[in-house]
Amino acid sequence: QVQLVVSGGGLVQAGGSLRLSCAASGRTFSSNVMAWFRQAPGNEREFVAAIIRSGGSTDYADSVKGRFTISRDNAKNTVYLQMNSLKPEDTAVYYCAAEIAPTLRVGATYRYWGQGTQVTVSS
């Protein structure tokens, strides 16, 4: 089992920045891939970004590319999502997910999920 604890989030004005953190514990070898997803009211959950432990490769949704940065501290088993130039359409509940070898952008292929954190961007 892997436990994921999310911190960060909150209310910010458009153009502002926030950083989310997700700390993994337990069988952390199962968190080879760590990712962020989000879900806005009335919308399906969508992929935001992912990072692979081995090699540090990253993947981003087109909607956040160039504005968000995913990174990880393997020593701390923690992944971060730095969100800059935030837009009202980034408003959502953000979730951290982990898995050994998922299909990066498909949430159903991740077994481990953290609690969501609300990000609200005001215009």
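Assorted remarks:
- Estimated FRET transfer efficiency (Ala101, Ser17; beta-carbon r; R0 30 Å; 0.05): 0.40
- Antiparallel DSSP beta bridges within the chain, as percent of all bridges there, nearest 5: 90
- Gain on full extension, evaluated as 0.36 nm per residue between Lys65 and Ser85 minus their Cα-Cα distance, stands at 6.1 nm.
- Peptides 17-26, 38-47 ordered by packing proxy, namely the average of other Cβ atoms within 10 Å per residue, highest first: 17-26, 38-47.
- Rounded to the nearest 10 Å², the accessible area of Trp36 at probe 1.4 Å: 0
- Each of Ser54 and Asn74 was given a label point 7 Å from its Cα along the Cα-to-Cβ line. The distance between the two points is 1.0 nm.
- A simple charge model with +1 on the Cβ of Lys and Arg, -1 on the Cβ of Asp and Glu and nothing else charged puts the dipole of the chain at about 260 debye relative to its Cα centre.
- Kirkwood-Stokes translational diffusion coefficient of region 35-101, alpha-carbon pairs, 25 °C, 0.890 mPa s, µm²/s: 196
The values are calculated or read from the model by the stated rules, or taken from the named source; none is laboratory data. These figures come from a predicted structure and were not determined experimentally. Reconstructed Cβ throughout: ideal geometry from the backbone, glycine too, with neighbour counts over all protein chains shown. Each accessible area value is taken on the protein alone, full model and side chains, heavy atoms only, with ligands, DNA and RNA left out. Shrake-Rupley method; radii C 1.70, N 1.55, O 1.52, S 1.80 Å.
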